[in-house]
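Notes follow once the structure below has been shown.
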There are 4 protein chains.
Amino acid sequence: MALTGVLRPGYIQIRVLDMSEAIVHYRDRLGLTEVSTGSDGRVYLKGWDEFDRHSVILREADEAGMDVMGFKVLDDATLNELTAKLEAYNVVVDHVEAGEQPGVGRRVGFTIPSGHRMELFAQMEKSDDGPQVVNPNVWQSEPRGMAVTRFDHALLYGPAIDEVTDLFCDVLGFRVAERADLGGAHAVWLTCSNKAHDIAFVPNPDPGSFHHAAFYLENVNDVVHAGDVMAYHDIPIDVGPTRHGITRGHTIYFFDPCGNRNEVFAGGYTYYPDNPTREWTTEQLGKGIFYYERELNDAFLSVYT
Amino acid sequence: MALTGVLRPGYIQIRVLDMSEAIVHYRDRLGLTEVSTGSDGRVYLKGWDEFDRHSVILREADEAGMDVMGFKVLDDATLNELTAKLEAYNVVVDHVEAGEQPGVGRRVGFTIPSGHRMELFAQMEKSDDGPQVVNPNVWQSEPRGMAVTRFDHALLYGPAIDEVTDLFCDVLGFRVAERADLGGAHAVWLTCSNKAHDIAFVPNPDPGSFHHAAFYLENVNDVVHAGDVMAYHDIPIDVGPTRHGITRGHTIYFFDPCGNRNEVFAGGYTYYPDNPTREWTTEQLGKGIFYYERELNDAFLSVYT
Amino acid sequence: MALTGVLRPGYIQIRVLDMSEAIVHYRDRLGLTEVSTGSDGRVYLKGWDEFDRHSVILREADEAGMDVMGFKVLDDATLNELTAKLEAYNVVVDHVEAGEQPGVGRRVGFTIPSGHRMELFAQMEKSDDGPQVVNPNVWQSEPRGMAVTRFDHALLYGPAIDEVTDLFCDVLGFRVAERADLGGAHAVWLTCSNKAHDIAFVPNPDPGSFHHAAFYLENVNDVVHAGDVMAYHDIPIDVGPTRHGITRGHTIYFFDPCGNRNEVFAGGYTYYPDNPTREWTTEQLGKGIFYYERELNDAFLSVYT
Amino acid sequence: MALTGVLRPGYIQIRVLDMSEAIVHYRDRLGLTEVSTGSDGRVYLKGWDEFDRHSVILREADEAGMDVMGFKVLDDATLNELTAKLEAYNVVVDHVEAGEQPGVGRRVGFTIPSGHRMELFAQMEKSDDGPQVVNPNVWQSEPRGMAVTRFDHALLYGPAIDEVTDLFCDVLGFRVAERADLGGAHAVWLTCSNKAHDIAFVPNPDPGSFHHAAFYLENVNDVVHAGDVMAYHDIPIDVGPTRHGITRGHTIYFFDPCGNRNEVFAGGYTYYPDNPTREWTTEQLGKGIFYYERELNDAFLSVYT
């Protein structure tokens, strides 16, 4: 089997302070489809190019940030195998019953050393609003707003990133696509696929911190168009449009109405497991993060939720 | 492990009638790097975004066409496992010693029911001219000509495509990303990765026939630029620039100086093994192949080498 | 004064067989704004990047084709001067009163030797839906469908093109940007601006024939997107996406529901009056019209309304 | 006549501190063609899409900055008329003999109230390396480096901008495409063509100051590619890639080796003389200059040569 184990980031649950503002942002500005609202008030959304019923979950709360990121695995057998491997690695796992998220099968949860909750799952209902299967058009209905295709990855801040890296690589089969030397500690960009990253971690003393959730666009022209949408609607931009040296992706960082950082992202090279890990030295880190500016802005390092 | 088994198309060996013309075409027009010439006269080339030392091999011969397509597998253990699976499937395999291609380890070869020779290998030297590893720039030297990034896939014509499909899926772990009903027989687009296809087959009575080798470009603008290069140098275009309904890729089909069909290709969706197979009915096949024209041209079906 | 005389194509009146189908096509597919319906049933539309109240007029009729193309001139004094020059050139002019088209001032009409009616006008009301003037955003409301920015030019078929060329150049101040030798007769691309063409003529025995009306897009990516819109809605494409050698523009030719040919067009060089006329020889005309295909299709020459 | 009077910026003479460094920058990085070196050491260059023999002149000096900007006018009669109009406006003009710049006819020079020298000329030899005239390809030889097509415009800093504006509009036939209220004084973007600007002025107490020379690119993808060239060669970027609210152009500001600011620029709307002047209020000026960032950086206002 060529693609096995963990397939991809399947969902992210984001805390927002005002649900109605958040819906306008994620549905009308990013262009996600609003799928359903749960009895507990959580709102489920998806990108136009995703088969699964949802990939973004908004939960109203007193504090912004990320509740959990869930990875879809190949099948139930894989879910069992990875659960056993986590337990053998002395990771405490818990079990969430099927249906806790509508249309999603049983989930296995655990907290990683950086303080973030991760989940694995194997089953999710397919959406009626995903890509067409018989004689498919390029899209089922024309993308709107920033036209994001999918939830793509997250960048998380927290302690003990070396241990997190080991867990993701040794237990979950990820690889380190890129690594940046921060002077002792390392930031890492991890992949379980041909994508340049599926999740990334930057060392920070605050456990469980959320730097950004990234949404994929088809190309750099769509990144520029997304910037036009942001300017029109006065959405605050952190940085961009620019390019990352790391992953080579074209990018804009911006903020949702309650301060969670979002990214629109396009491009990035095709990664394979026989690729060497790309390494960034401390003095060139600025170029790694922002290829054109070649220096970090203060907000990149200090602002997170 | 998330990416295992067969990783990707690793090389293609193409027969050309005039080596010096072919070198001008593949090196100066497509923009591949000329790596070396073997003592037997075979010429080795690579794309600017490939780590391995070569991916295209030109062999001067009396007849155009494809000698062999080689797939890189994860490691030697995988090579042994897949060899055992092939033999268990009653496929006759042969063994090519390390070094038969410069810098390439041992290879396992076999003929598939469509009459094409395939090979598997696990080891190839890395190129000095590949992507940079420490503080990498977007490219090591600026891409030239059509600026192709890599050898991407091949489309082959031959008999017994259903059996070929079974072999690729059951033994080598590929999946059928898309399937077209040709009225009884099926054309298939097979993937071992997140790419929409790594190899494709169209039913045809001529065994071992070669429809095209495809080279990847970064985006649709580069496809248009490639068209400008073709027009400038009077390279015959078969079809395009256009888009495929199948894979959604942007494309131009054109010919090398001795009549082998090439493709430049950009885009295409991100495939996952839990995606349903996209199905094309006979009456919509034209739209599947050429999304804008919505009909096949005669040459697409009848011209191959 | 640097920009004087005739400024640009100001409007085109197109005959359609079924108004409600035509409105869906021009408003929802091309993305024009529907401005108003006149008491005589004519429907007025405009592009999102045009200041004037309308630029496209649809008139229901028994036969497809073009009624008239109107050019906006700098001011009333210019209108008087050009009228005098036309009369001095022995062109019979007629006068259309202000308000015959809503919001449009007096117009001066005449028939050119190819059999087409042309008009000049100096005044049109500004639209509320045009570009913003104070602290303008890139667009006032996000472009829809093919996102055409403006009516750009028309290509007309008819006899006596050399005389037409003289009239446009000697009287109206146009220049011949490009000229193609059709073996005796010439096709011409005429400009009154920095655009590579504002109107073009191809010799044909049928007087007053209409080859296409062209609508401008921002770039080649939008041309490709327009192709996606056409494929989704089963709009018949004549040729493209491709590029013209003449003007260098990126293009798709397609048809409205009653068979009038439309074009979406992007790019094209910046023309100046001190540029030499670009000349196309008969044997290279195919490359001039379709730069990649390098040959004319039958429909290009034989299908018009 | 539709395009008359002043046609376009014809050349800019830039002072550089080290000629050999400057040549590498303007020829190999921007991709201009090196045309010739004069007996006085001045070096002449041109863009690949310009017919005239040169458009950029480098002069080695002790101080960076701009010597002069020259505008090409329609013909000799126009040159005489404009000279008379300047004198009638009490502008002191001087006369430069034909041949002072190789291949350039007589020039009329004058100093504008902001302290900058301007020249008008009607004649320049055509280049052998310009666009092809018979059966032209898209380019005569493939563009290199940042692939700039032409010298496009300059932005100048100095006093008395209102008087400069009057001179350009009343005497030379320019129009104010956009105007920004800086709290009393106004910055202006002036055009003599369909371009959104051919020259721009920002109020500043230092007379004769040079903010930037801009070079045109074909589209936003080429702007991004230019950024890649800058990053690769460690060319310092001031701002971008970003977009201007003013003109809507896509842009990067960067510096030549001796500190002159350059811009690569693509897009921008099509201007006509009947367009209203777009107005920017003081509080929205940041968005006017940098549409995505929505604030000025310090360097934009304070760094000039």
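Tallying residues that are β-branched (Val, Ile, Thr) and surrounded by fewer than 19 Cβ atoms within 10 Å (Cβ to Cβ) within region B:45-67 yields 0. Report yes if some residue within region D:67-75 is over 17 Å from D:LEU167 (Cα atoms) and part of a loop (DSSP other than H, G, I, E, B); otherwise report no. Within region D:67-75 (the criterion being over 17 Å from D:LEU167 (Cα atoms) and part of a loop (DSSP other than H, G, I, E, B)), the answer is yes, since at least one residue qualifies. I'd like to know if region C:65-75 contains one or more residues that are over 26 Å from D:PHE174 (Cα atoms) and of a type in the set (Lys, Arg). The answer is no, given that none of the residues of region C:65-75 is over 26 Å from D:PHE174 (Cα atoms) and of a type in the set (Lys, Arg).
For region C:182-196, a residue qualifies if it is farther than 13 Å from D:ALA2 by Cα and at pLDDT 95 or above, and the qualifying residues are C:HIS186, C:ALA187, C:VAL188, C:TRP189, C:ALA196.
Do the conditions hold for B:GLY240, that is, is it crowded, with 21+ Cβ neighbours inside 10 Å, in contact with a strand residue (DSSP E or B) (Cβ under 7 Å, 6 or more places away or on another chain), more than 30 Å from A:LEU74 (Cα to Cα) and more than 9 Å from chain A (Cβ to nearest Cβ)? For B:GLY240, the condition - crowded, with 21+ Cβ neighbours inside 10 Å, in contact with a strand residue (DSSP E or B) (Cβ under 7 Å, 6 or more places away or on another chain), more than 30 Å from A:LEU74 (Cα to Cα) and more than 9 Å from chain A (Cβ to nearest Cβ) - is met. Checking each residue in region C:284-300 for being away from chain D (no Cβ under 13 Å) and in contact (Cβ under 8 Å) with a residue 60 or more places away in the chain picks out C:ALA299, C:PHE300.
When residues in region B:113-131 are screened for being under 26 Å from B:ALA226 (Cα atoms) and either touching a residue at least 24 places away in the same chain (Cβ under 8 Å) or in the same structural domain as B:TYR44 (by TED's automatic domain parsing) (or both), 4 of them pass. Against the test of being outside any strand (DSSP E or B), of a type in the set (Phe, Trp, Tyr) and under 17 Å from the mean Cα position of the chain (by Cα), the options A:TYR26, A:TYR11 yield a single qualifying residue, A:TYR26. Only one entry of D:ARG179, D:ARG150, D:ARG144, D:ARG117 meets the criterion of being surrounded by fewer than 21 Cβ atoms within 10 Å (Cβ to Cβ) and closer than 30 Å to D:HIS95 by Cβ, and that entry is D:ARG117.
Here's the yes/no breakdown for (1) aromatic (Phe, Trp, Tyr); (2) under 25 Å from D:LEU155 (Cα atoms); (3) buried (at least 16 other Cβ atoms within 10 Å of the Cβ); (4) touching a Cys at 6+ places or on another chain (Cβ under 8 Å):
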{"position": "D:ASP94", "(1), (2), (3), (4)": "no, yes, no, no"}
{"position": "D:ALA98", "(1), (2), (3), (4)": "no, no, no, no"}
{"position": "D:ILE112", "(1), (2), (3), (4)": "no, yes, yes, no"}
{"position": "D:GLN123", "(1), (2), (3), (4)": "no, yes, yes, no"}
{"position": "D:GLY130", "(1), (2), (3), (4)": "no, no, yes, no"}
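Evaluated against (1) free of Cβ contacts under 8 Å to residues at least 12 places away in the same chain; (2) within 21 Å of the chain's Cα centre (by Cα), D:ASP228 falls short on exactly one condition, (2). Of all the residues in region C:243-283, those that are out of contact with any helix residue (DSSP H, G or I) (no Cβ under 8 Å at 6 or more places or on another chain), part of a strand (DSSP E or B) and at the interface with chain D (Cβ under 10 Å from one of its Cβ atoms) number 2. Checked against the criterion of being within 22 Å of A:GLY31 (Cβ to Cβ), surrounded by 18 or more Cβ atoms within 10 Å (Cβ to Cβ), within 9 Å of chain B (Cβ to nearest Cβ) and not aliphatic (A, V, I, L, M), region A:186-197 has at least one qualifying residue.
Residues that are over 17 Å from the mean Cα position of the chain (by Cα) and assigned by TED's automatic domain parsing to the domain that holds C:ASP274 number at least 1 in the following strands (runs of 3 or more DSSP E) confined to region C:132-193: C:175-181, C:186-191. The set of residues in region B:101-124 being assigned to a loop (DSSP other than H, G, I, E, B) and under 17 Å from B:PHE174 (Cβ atoms) consists of B:ILE112, B:PRO113, B:SER114, B:HIS116.
The set of residues in region C:2-33 being under 30 Å from D:GLY173 (Cα atoms) and free of Cβ contacts under 8 Å to residues at least 40 places away in the same chain consists of C:ALA2 alone. For region A:212-237, a residue qualifies if it is part of a loop (DSSP other than H, G, I, E, B), within 11 Å of chain C (Cβ to nearest Cβ) and over 17 Å from A:ALA22 (Cα atoms), and the qualifying residues are A:GLU218, A:ASN219.
Checking each residue in region A:247-305 for being within 17 Å of A:ALA154 (Cα to Cα), at pLDDT below 95, surrounded by 20 or more Cβ atoms within 10 Å (Cβ to Cβ) and among the aliphatic types (A, V, I, L, M) picks out only A:ILE289. Exactly one residue out of C:VAL16, C:VAL43, C:VAL35, C:VAL56 is away from chain D (no Cβ under 14 Å), within 15 Å of the chain's Cα centre (by Cα) and at pLDDT 95 or above: that is C:VAL56. How about region D:199-210: which of its residues are touching an Asp or Glu at 6+ places or on another chain (Cβ under 9 Å) and crowded, with 24+ Cβ neighbours inside 10 Å? Selection gives D:ALA200 alone. Would region D:99-109 turn up any residue that is of a type in the set (Lys, Arg), within 14 Å of chain C (Cβ to nearest Cβ) and under 20 Å from the mean Cα position of the chain (by Cα)? Checked against the condition, which is being of a type in the set (Lys, Arg), within 14 Å of chain C (Cβ to nearest Cβ) and under 20 Å from the mean Cα position of the chain (by Cα), region D:99-109 yields no hits at all. For beta carbons closer than 7 Å, sequence separation of 6+ or different chains, a first residue in region B:132-150 that is more than 7 Å from every other protein chain (Cβ to nearest Cβ) and closer than 15 Å to B:ASP52 by Cα and a second that is of a type in the set (Asp, Glu) and assigned to a loop (DSSP other than H, G, I, E, B), the qualifying pairs are B:GLN140/B:ASP129; B:THR149/B:ASP49; B:THR149/B:GLU218; B:ARG150/B:ASP49; B:ARG150/B:GLU50. Of the residues screened, A:ALA98 is not one that is on the phi > 0 side of the Ramachandran plot and in a loop (DSSP other than H, G, I, E, B).
The values are calculated or read from the model by the stated rules, or taken from the named source; none is laboratory data. Quick caveat, the model's predicted, so the values are computed rather than measured. Positions of Cβ are backbone-derived with ideal geometry, glycine not excepted, and every protein chain shown enters the neighbour counts.
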